[in-house]
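See structure below.
The values are calculated or read from the model by the stated rules, or taken from the named source; none is laboratory data. In this text the structure is predicted, and so the values were computed from the model without any measurement. Reconstructed Cβ throughout: ideal geometry from the backbone, glycine too, with neighbour counts over all protein chains shown. These accessible areas exclude ligands, DNA and RNA; they are computed on the full protein's heavy atoms, side chains included. Shrake-Rupley method; radii C 1.70, N 1.55, O 1.52, S 1.80 Å.
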Amino acid sequence: MTWLLPVSLFPLSGDKALDGYSKKKYVCKLLFIFLLGHDIDFGHMEAVNLLSSNKYTEKQIGYLFISVLVNSNSELIRLINNAIKNDLASRNPTFMCLALHCIANVGSREMAEAFASEIPRILVAGDTMDSVKQSAALCLLRLYKTSPDLVPMGEWTSRVVHLLNDQHMGVVTAAVSLIACLCKKNPDDFKTCVSLAVSRLSRIVSSASTDLQDYTYYFVPAPWLSVKLLRLLQCYPPPEDAAVKGRLVECLETILNKAQEPPKSKKVQHSNAKNAILFEAISLIIHYDSEPNLLVRACNQLGQFLQHRETNLRYLALESMCTLASSEFSHEAVKTHIETVINALKTERDVSVRQRAADLLYAMCDRTNAKQIVSEMLSYLETADYSIREEIVLKVAILAEKYAVDYSWYVDTILNLIRIAGDYVSEEVWYRVIQIVINRDDVQGYAAKTVFEALQAPACHENMVKVGGYILGEFGNLIAGDPRSSPLVQFNLLHSKFHLCSVSTRALLLSTYIKFINLFPETKGTIQEVLRSDSQIRNADVELQQRAVEYLKLSSIASTDVLATVLEEMPPFPERESSILAKLKKKKGPGAGSELDDGKKDPNSEINGGMEPSASTASTPSPSADLLGLRAAPATASGAPASAGNLLVDVFSDSPSAATGLVPGAEENFLSSGAAASVSEDPALPIAEADELLHKFVCKNNGVLFENQLLQIGVKSEFRQNLGRMYLFYGNKTSVQFQSFTPTVSYPGDLQSHILFVNKWAGEVLNIQTKAVEPLVEGGAQVQQVLNIECLSDFTEAPLINIKFRYGGTLQNLTLKLPITVNKFFQATEMQSQDFFQRWKQLSLPQQEAQKIFKANHPMDSEVTKAKLLGFGSALLDKVDPNPDNYVGAGIIQTKALQVGCLLRLEPNAQAQMYRLTLRTSKESVSKHLCELLSQQF
């Protein structure tokens, strides 16, 4: 349908003698038409002409039109920029503010390129009006958020800090927002803001509501500025200056005291403003974690909110107390509120508040109250909301294991868990109970007896059958002396559940049956009849059929000794972190580390480690699709794609089924990363945090490489000698389709000339094959890219990957560094003390050694240090260094051209919180690069 313009708009194109008022009127009409949803492709020049008017109303309409309709590719952008520059250069504060507002509203990269260097000068100029300073600070904040690389850091950074002392509160508020954003990337440049922020906060907190009348909100002086100052202080550690720290503590005490005062108004706005400052102050107290008195007072204040009639306050109180529970100073104070929290778990109407109550119970749990908390959580589990049952199951399983003094109580708890919420008990949970039972001789008989009794229930969950089948297959002989649990009774009990179970559980039970033949020879005939039946040896499922045939043949032809050897008892599992704890950390997401830290509150607690026993299927996922890839996806039979309900595979899994392997001869199917490019724009420079993201993968191979609001990139990789394979998982976190999705791998800098784009590309140091990716990525979907890597020679620069795609018509251009560093091709080498020192002396030339002395950036934990050195790739050599606190390692960098022997020695000084790292290799560049890489990990 053709939309007809009203006659009153035609003068725009025909009459050149329009006055300013008429232009303003017609431009307003065009804006209105645009707001009705119609495209406007004329009248832009008239709007630009309005910018040169000296009348405020005309200039305002011109800027409004440009902010809404003109895009950065417009032919008029140069005229617009000139008009903006003229207004910025004028001494008229109103016109300057209009220009700054326009820059901020458009906020494009082109605007940042044109004005990012000009705005800081206006901001810190001594003769700039207060209103202009306020607008300049917010405009600069907008440009920094959109294009941080274009905002130059210079001498203005030290001067902008002094805006915190400005007399105009609006300028101070805008400056705090700007500094809080800038200091996250450049904390050292703005560290002088701490003392000024404390000074300004002190003046606000100690002032009466009448002192700051223009900035008092319902009897609360400057609440927004107070909150911003408190958040700014959370970007830095506690002040080192005793006077500044004392003044800050006094401020925080005053805020806590004011929270106890009777309200000056009954309106909700008053309480909201007052509580906003209070909760931000408590967040700062928790962040510092160094003032026991303040931490206890904060805990008591939050305890009062636990019974407040306002739901939001109860929620916030529970959330803050979860963090307080992890502090050694306030943990005991938090525990005094256990009854109130348990009551909240049972009676709260809002499910989100109940979930926070469960989180707090988990956080406050220790050896003194573990049985009470676990009992209450089990009791609540029977009526809990379905959305939080899985999380509560994980928490109960972790607490039961962590604080189990009597492991029979642990077994009872897990079996109760399976009975109450079997559908929500993931395989990690029942894997874990089996690990612990196998690793502890004192609980094996009790576990066999208890699980046997649990299986006698008429309705028995399938997870209970799995646990029962596994434990009775291993330790059923420990209860076979009782006629009520004789071998035949055990077999009949398990087999009565067989036909009701899934294929994976039946496969496990068949393995139990063959174990029974070894444990109880008298059951051999009965079990062979079952294995020989048509329902087994001719089963439609290949796995069940194969097991039945092989187990039947094994039981028929193998001697007793052979059978005992093949079916011997499972050996103890090696100690490692609980897989349940790892799953809960992943489920809670980033930022939950302190709350879920399993060693912070009780250093004496023991976690029994072990690898998961083999099972025929992977863990059952949550019903909702996990876009962030933090839960395991089910393995598919032959590397088939995951179902629509599980869009992202688990890039953290150690299981090979998490990624599809490459078949021989697939090289012909690989496409050049350059040839696949469908977007003509040049690749962007690596993002500012590219090096930081790369360093996180120096000592690990799996994890999330990058994540923003649109895209998540996960990595799973493996390396052997000079070869490697990397899987990149690109997840679309939005509901909108990505178009022209093109990942391109390249070398940085001068090495670009060595790349050959012929089905694969190779440089002088790395040869990388990349597989093409589908150009369309649906909303909520995930695609996988496989990289085959060959190390030809040692290198110092990581390859780059550029990802381009269109989201909502807008080009997204992102460049990262691939986590491929030379240490990935490390082959660990075991050496005796004599061999090590002999080799150490041979590598004694100055150019073969690299040494660095540096301050520890993380707590000096022995186990963490060992894990990082092993993750780095070297072997850890025991009893080589005369000082037992030192770490010594050895390995060989495997490349196609040559092998580089490497020896390392790490000397920690706990008292000075320093390290000395020494690396000796047969090649100078390798020594220096490895030393630099490894030193950044501690």
**Study point:** For a label point 7 Å along the Cα-to-beta-carbon line of LYS879, residues of region 829-859 with backbone N under 12 Å
**Key:** 832-834
Exercise for review: Work out the charge dipole of region 319-448 with +1 on the Cβ of Lys and Arg and -1 on the Cβ of Asp and Glu about the Cα centre, then indicate which of MET364, ASN439, SER387 is farthest towards its positive end.
Suggested key: MET364
Exercise for review: Please work out the average accessible area per residue across region 121-215, using the 1.4 Å probe convention, and give it in Å².
Suggested key: 45 Å²
**Study point:** Accessible area (Å², 1.4 Å probe, nearest 10) - VAL704
**Key:** 50 Å²
**Study point:** Length added when fully stretched, ASP534-GLU332, from 0.36 nm per residue minus Cα-Cα
**Key:** 66.4 nm
Practice item. Please work out the average accessible area per residue across region 233-288, using the 1.4 Å probe convention, and give it in Å². Key: 52 Å²
Exercise for review: Rounding to the nearest 20 debye, state how big the charge dipole of region 411-555 is about its Cα centre with +1 on each Lys and Arg Cβ and -1 on each Asp and Glu Cβ.
Suggested key: 260 debye
Check your understanding: Between GLN913 and ASN813, what length in nm is gained on full extension when 0.36 nm per residue of separation is reduced by their alpha carbon distance?
Key -> 31.9 nm
Check your understanding: HN-Hα J couplings of region 537-548 from phi, Karplus 6.51/-1.76/1.60, θ = phi - 60°, integer Hz, Gly and Pro as x?
Key -> 6, 10, 5, 5, 7, 4, 4, 5, 4, 5, 4, 4
Practice item. Identify, among VAL353, VAL334, THR323, the residue whose Cα sits farthest towards the positive end of the charge dipole of region 322-377, taking +1 on the Cβ of Lys and Arg and -1 on the Cβ of Asp and Glu, with the dipole about the Cα centre. Key: VAL353
**Study point:** Backbone N under 14 Å from the GLN372 label point (7 Å along Cα→Cβ), restricted to region 319-341
**Key:** 332-341
Study note, to complete from the structure: Expressed in square angstrom to the nearest 10, the accessible area of LYS928 with a 1.4 Å probe stands at 120 Å²
Point to revise | Given LYS896/LYS923; LYS346/LYS466; LYS266/LYS346, the pairs whose alpha carbons are separated by over 21 Å | key: LYS346/LYS466; LYS266/LYS346
Check your understanding: Within region 89-189, which GluC sites (Glu not before Pro) sit in a loop by DSSP and count at most 16 neighbouring Cβ atoms inside 10 Å?
Key -> GLU155
Study note, to complete from the structure: Of every hundred units of 1.4 Å-probe accessible area on region 828-938, the number belonging to carbon and sulfur atoms, as a percent, is 49 percent
Check your understanding: Summing Lys, Arg as +1 and Asp, Glu as -1, what charge do residues with Cβ under 13 Å from the Cβ of LYS264 carry, LYS264 excluded?
Key -> +3
Point to revise | In nm, spacing of pseudo-spin labels at ASP130 and ASN54 (7 Å Cα→C-beta vector) | key: 2.9 nm
Point to revise | Size of charge dipole - region 877-938 - debye, nearest 20, with Cβ of Lys, Arg +1 and Asp, Glu -1, no other charges | key: 260 debye
Practice item. Sort region 315-408 into rounded, prolate or oblate with this rule: let a ≥ b ≥ c be the square roots of the eigenvalues of the Cα gyration tensor; rounded if a/c is under 1.5, and if a/c is not under 1.5, prolate when a/b is larger than b/c, oblate otherwise. Key: oblate
Point to revise | Semi-axis lengths, Å, region 291-355, gyration tensor of Cα atoms, sqrt of 5 times eigenvalues | key: 21, 11, 10
Exercise for review: Working with all protein chains in place, sort ASP385, ASP442 by solvent-accessible area computed with a 1.4 Å probe, largest first.
Suggested key: ASP442, ASP385
Review point. Hey, quick one: spin label on GLN304, modelled 7 Å out along Cα-Cβ, who in region 329-343 has an amide N within reach, i.e. under 19 Å?
Key: 333-338, 340-341
**Study point:** Rh (Kirkwood; distinct C-alpha pairs) - region 190-280, Å
**Key:** 13.5 Å
Practice item. Once you have a ≥ b ≥ c as the square roots of the Cα gyration tensor eigenvalues for region 422-464, tell me rounded if a/c is under 1.5, and otherwise prolate or oblate according to whether a/b is larger than b/c. Key: oblate
Revision key, fill the gap. Expressed in square angstrom to the nearest 10, the accessible area of ILE892 with a 1.4 Å probe stands at 50 Å²
Review point. Taking square-rooted eigenvalues a ≥ b ≥ c of the alpha carbon gyration tensor, is region 119-226 rounded, prolate or oblate, where a/c under 1.5 means rounded and, failing that, a/b exceeding b/c means prolate?
Key: prolate
Exercise for review: At a 1.4 Å probe radius, which order do MET153, MET111 fall into by accessible area, largest first?
Suggested key: MET153, MET111
Check your understanding: Given charges of +1 on the Cβ of Lys and Arg and -1 on the Cβ of Asp and Glu, with all other atoms neutral, how large is the dipole of region 685-843 about its Cα centre, in debye to the nearest 20?
Key -> 260 debye
Point to revise | Cα-only Debye scattering, region 54-186: base-10 log of I(q)/I(0) at q = 0.16 Å⁻¹ | key: -0.77
Study note, to complete from the structure: For region 795-900, the charge dipole (Cβ of Lys, Arg +1; Cβ of Asp, Glu -1; about the Cα centre) points to a positive end, and the Cα of THR810, VAL888, GLN834 closest to that extreme belongs to THR810
Practice item. Could you check how much of the accessible area of region 320-437 is carbon and sulfur, as a whole percent, using a 1.4 Å probe? Key: 45 percent
Review point. Among ILE471, ILE537, what's the order by accessible area (1.4 angstrom probe), most exposed first?
Key: ILE537, ILE471
